[in-house]
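Student: Take a look at this one; I'll ask things after.
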Amino acid sequence: MKPRYSFVFLFLLTFVTFAQKKNTPPPPTDPLTGFDAFVNQMLVEWRVPGASVAIVKDGKLLYAKGYGFKDIKKNLPVTENTLFPIASCTKSFTSAALAILADEGKLDWNKPIKEYLPDFQLQDEFATRTVAARDLVSHRTGLPRHDLTWLYANLGRQSLYQNLKYLPLSKPLYAQYQYNNLMFMTAGVLIERLSGKSWENFLREKILQPLGMNQTALTYPELFQKEDYALSYRDSNGQWTEQGFGSNVDAIGPAGSIKSNAVEMANWLIMQLNKGKFGDKQIVSAANLKENHTPQIIVSPAEATFSELGYASYGMGWSINTYRGHLRLAHNGSIEGYRSQMAFFPNDNIGVVILTNTGAVDYYFVNAVCNYFSDKWLSLPVIDWTPRLKTAQAETKAKQEKAKLDNASKRKNNTAPSHILDSYAGTFEHPAYGTFVLEPKTDGTYVGAFHGLPFTLTHYHYDIFEGTGIFDQTKFDFKIGPTGEIERVTLHLTNAGEIDFQKVIK
């Protein structure tokens, strides 16, 4: 009988071993598998000249690589060390600088900044007396963007700061999320007053040097001294044209002037994931960094464009939402053709930064790469985001075309200006926005220049003209004074509202 029992035992052992092999899950796939090929595919799919990507996990840099070209004419490739302007990703640095001042006992997040900055003045007196440091960096002061006060203007930081009192608020304090660069600039002024150092020097000493971000530049003159930086490009009828560097972003540096590379930005994300610590250095306390990471206001309009994305809130320098159920902190950046995105998942201890040198596809490329990274590193089924994003891109373009048609349909035909051609010419000025000069042309149009950028005006209806160039589709509503003469023009500006420019009477 022993041989039969031995046979049964051997059969059962073989069956159990086979069953174990069948039920044992396969080893996890390396999330980096296929990543390089995917980024290259997206570069072609979205037509992006150059990009640089870095991935961090568990306090380490796991991946950094450059793609495409930083200089098309010279055929120079992007590397992981190529510098790109990161634009509004800078905001998280300024918020962290405030957190460091809070650590040092120099700043109370909730104290009105008027107590630190006696010359701080908004047009609304209640907001002036109430706005605190956390409000400056969470887009909830009631001040709309007013970006044309600084874009391409020949004004420095202090002049822009002093001009805040001339800018109308469009909402009450705390009423609504309104993205605002000027308030982050003001946070930089606050840092300067409390520390006795320029915003640039404070960042270098307290953040960049401790993080080993030694190639990171804070101004364009500093960037141009570096050997490895990317040019940015616009799409001109299928051909790449250099975008240039004339935005004046350095003046509002705390809102968007940092120029960095993928490797050094990885250190920034590692510090964020490690609760303010980098190596053996505590750059900022965990408690005050958590203030940066805590939602302060709901991003409006509240939209969840895709079911995988939760409703967004804004902390201090960070957009906060969920991606497929995982908490995510992120920020985008846009200036002069550059587009950037950084994102990290605090509960999963992973992060990614993506830097590019064109705005021709807006954020679609960086979103596609970021979402693919997220799927792979969160061990989720990979979603093919490209068709979705292509649809979103097409819908955005369709909305823009519809807006043009709607604009044309609202025009009243067979109307004429109330005054002769020369009456609308002249110099018009605003204490914060600056000056433009209108010159009449024999065809009934006008030419002008604002902050050095040319534009034209054509008659829309009655005493309203429509702009081109920097004032594309902006309505110029000329107003008649008590004497019957043109005394001012009201510009209806997106993200700013109605801004009056007074005509200069010589």
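Student: To the nearest 500 deg cm²/dmol, what mean residue ellipticity at 222 nm is calculated for the chain from DSSP H runs of n ≥ 4 alone, each contributing -39,500 (n - 2.57), summed and divided by the residues?
Tutor: Per the formula, -9000 deg cm²/dmol.
Student: Towards the positive end of the charge dipole of the chain, with charges on Cβ (+1 Lys, Arg; -1 Asp, Glu), say which of 453, 352, 77 has the farthest Cα.
Tutor: Farthest along the dipole direction, towards plus: 352.
Student: Whole angstrom only: what separates the Cα centroid of region 252-305 from the Cα centroid of region 63-129?
Tutor: Region 252-305 and region 63-129 have Cα centres separated by 10 Å.
Student: Stretched out fully, how many nm does the piece from residue 396 to residue 176 gain, at 0.36 nm a residue minus the Cα gap?
Tutor: Working it through step by step, the gained length comes to 76.8 nm.
Student: Counting just the Cα atoms, what span does region 88-169 cover along each of its three principal axes? Round to the nearest Å and put the largest first.
Tutor: Cα spread of region 88-169 along its principal axes, largest to smallest: 35, 30, 20 Å.
Student: Evaluate 2.2 N^0.38 Å with N set to the residue count of region 127-283, then give the Cα radius of gyration divided by it.
Tutor: Working: Rg = 17.5 Å, N = 157, 2.2 N^0.38 = 15.0 Å.
In units of the 2.2 N^0.38 Å rule of thumb, it is 1.17.
Student: If R0 is 35 Å, what FRET efficiency do you get for residue 239 and residue 485 from their C-beta distance, rounded to 0.05?
Tutor: It comes out at approximately 0.15.
Student: Shifting gears a bit: In Å², what does the accessible area per residue of the chain work out to with a 1.4 Å probe? Please list the in-between numbers first.
Tutor: Details: 23270 Å² over 506 residues.
Each residue of the chain exposes 46 Å² on average to a 1.4 Å probe.
Student: Quantify, in whole percent, the carbon and sulfur part of the accessible surface of the chain (1.4 Å probe; protein heavy atoms only).
Tutor: On the way: 12390 of 23270 Å².
After summing per-atom areas, the C and S share lands at 53 percent.
Student: Quick check: from the Cα gyration tensor, does region 425-506 come out rounded (a/c under 1.5), prolate or oblate?
Tutor: On the way: a/c = 1.24, a/b = 1.08, b/c = 1.15.
Here region 425-506 falls in the rounded category.
Student: Once Rh is set to the Kirkwood radius over Cα pairs, what Stokes-Einstein translational diffusion coefficient, in µm²/s, holds for region 363-477 at a temperature of 10 °C and a viscosity of 1.306 mPa s?
Tutor: Translational D for this selection: 90 µm²/s.
Student: If you take every DSSP beta bridge fully contained in the chain, what fraction is antiparallel? Give it as a percent rounded to 5.
Tutor: Here the antiparallel bridges make up roughly 100 percent for the chain.
Student: Using only Cα atoms and rounding to the nearest 10 degrees, what angle (0 to 90) does helix 364-377 make with the longest principal axis of the chain?
Tutor: So the helix axis and the longest Cα principal axis differ by about 20 degrees.
Student: Between residue 415 and residue 226, take the C-beta separation as r, use R0 = 56 Å, and let me know the FRET efficiency to the nearest 0.05. Please report the intermediate quantities before stating the final value.
Tutor: Working: r = 55 Å, r/R0 = 0.99.
So, using R0 = 56 Å, E works out to roughly 0.50.
Student: Please compare each pair in 165/259; 106/206; 114/275; 60/376; 111/290; 171/402 to a cut-off of 21 Å on the Cα-Cα distance and tell me which ones are over it.
Tutor: In this structure, 165/259; 114/275; 171/402 lie more than 21 Å apart at Cα.
Student: While we're here: Evaluate the charge dipole of the chain about its Cα centre and quote only its size in Debye, nearest 20, assuming +1 on the Cβ of each Lys and Arg and -1 on the Cβ of each Asp and Glu.
Tutor: Computed charge dipole of the chain: roughly 1620 debye.
The values are calculated or read from the model by the stated rules, or taken from the named source; none is laboratory data. Because the structure is a prediction, the values reported are computed rather than measured. Neighbour counts run over all protein chains shown; Cβ positions are idealised from the backbone, glycine included. Surface areas here come from the heavy atoms of the whole protein model, side chains and all, with no ligands, DNA or RNA. Shrake-Rupley method; radii C 1.70, N 1.55, O 1.52, S 1.80 Å.
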